[in-house]
Structure formats: structure tokens, C-alpha cells
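The values are calculated or read from the model by the stated rules, or taken from the named source; none is laboratory data. These numbers were taken from a predicted model, which means no experiment stands behind them. Note: ideal-geometry Cβ built from the backbone for every residue, glycine included; neighbour counts use all protein chains shown.
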Amino acid sequence: MKILVAGATGNTGTRLMHDLVQRGHDPVALVRDSSDTSQLPPQVEQRIGDLADLRDDICDGCDAVVFAAGSGGDTGSDMTDKIDRDGAMRLVDLAAKTPVSRFVMLSSVGADNPNPEGELATYLKAKHDADEHLKASGLPYAILRPVALTDDGGSGDIVLGDKVDPQAKAARGDVARVLADAVDSADWLGKTRLMQSAQTS
């Protein structure tokens, strides 16, 4: 499949791009002019675009879309809303106008019922709104909600669903593998799942 990946140059997205290539897919990296693309697989297509101002044809020709982007932990609430909420929702709307067969959203633990007083209140509310917008879009979807991320490659040994410990950790390498599974597997269709790396349970 031809798969557009938002956040393709991020810590998780870069791993995902390599996983998708290894699985025989044709991933397309959504990148800004200023993005460091040196770690992307050399054969992948790059489409210039900014989640704060996406052009209408950004999803054209793609079979699936993965949103694995984030505004980053050092940005303010305005940028969090602009990227994690508005950018994600805009990408969903654009994908819904094409024959995209699946939209995979990288969300977060706590996005189901965000605490308005918590330290991550803005971020989790943005993720919640984006997730709900995707569910209401009519697109075939899968939503992954990992616990706190580490930069580890992971082992592939993961826990999904109700047995996940919200205080555990999830290796970015494992998250990337699960995102690739969510693109491929019929078992993910219409599902929202929590995830952790098993060795942290």
C-alpha cells in the first residue's frame, strides 16, 4: 500500500517508515521544508506539507494515512492545539475525501477521558478531540494509545488492551511496529487500544 505518514521524521515516525518499507509497503513522508530527512529510507517519496496549513491534495493517491506527529513537549498550548488537534482533524477531513482504506491515529493513554486539571490537560484534550473527529469521519480507522514513550527500540513483546498498566512505558520501536500492524491487520479495524511494552509491566 501507499501510506502517507504525518510525523515521518520524528522519533517514532522514522522507525515506522523503515518498518513499512520492510513490510513491502510504499510509505510517503509528509515533511516540512525544514525537516531533517536524513534518517528516512532513501527510496521513500517525500511530500512537502505543514500540518498547520495542509494543502487539499496532500492525501491524493494514498491507500492509507498514519498520523504519528506531535507538536513536541517544549511547545505551548497554542501549537499543541494547532498540530495535535487541528492538524490531525484537517488531515482526517482531507483523507475522507479520497478512497483511503484506513486512517491510523497515534494517540495517548488518557485521551479517552482527559483530566482538565492535569499537567498534560491541553495535550490530552487535543488528542481526545482528534480521536473523536476520526471516529465520526466515516473513515475506516484504528487508534493506538500508548503509555509514556521511551526512545528504546523495544523487543516486539507488547501488551494491548485492558491489561495495560497506565504507569508503564512503551518503547518507540514497539509503538512503530504496532502502528504498522494497525495499517495491515483487519483485526485493528474500528479499534481503539491501549499499549505498553511488556518488559515494563
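Overview of values
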{"read-out": "ASP57 among the acidic types (Asp, Glu) and surrounded by 14 or more Cβ atoms within 10 Å (Cβ to Cβ)", "value": "no"}
{"read-out": "Selected residue (criterion: modelled with the lowest pLDDT) from residues of the range 80-101 that are within 22 Å of ALA176 (Cβ to Cβ) and out of contact with any helix residue (DSSP H, G or I) (no Cβ under 6 Å at 6 or more places or on another chain)", "value": "ILE83"}
{"read-out": "Residue in the range 178-194 that is in a helix (DSSP H, G or I), surrounded by fewer than 21 Cβ atoms within 10 Å (Cβ to Cβ) and either of a type in the set (Lys, Arg) or at positive phi (or both) present", "value": "no"}
{"read-out": "Residue check for ASP26: in contact with a Lys or Arg (Cβ under 7 Å, 6 or more places away or on another chain) and surrounded by fewer than 22 Cβ atoms within 10 Å (Cβ to Cβ)", "value": "yes"}
{"read-out": "Selected residue (only one of SER155, SER137 is surrounded by fewer than 23 Cβ atoms within 10 Å (Cβ to Cβ), within 20 Å of LEU16 (Cα to Cα) and not aromatic (Phe, Trp, Tyr))", "value": "SER155"}
{"read-out": "Every residue from the range 160-177 that is in contact with a Pro (Cβ under 9 Å, 6 or more places away or on another chain) and assigned to a loop (DSSP other than H, G, I, E, B)", "value": "VAL164"}
{"read-out": "Condition broken by SER77, with the remaining ones in (1) surrounded by fewer than 18 Cβ atoms within 10 Å (Cβ to Cβ); (2) of a type outside the set (D, E, K, R); (3) in contact with a Lys or Arg (Cβ under 8 Å, 6 or more places away or on another chain); (4) within 24 Å of ARG32 (Cα to Cα) satisfied", "value": "(3)"}
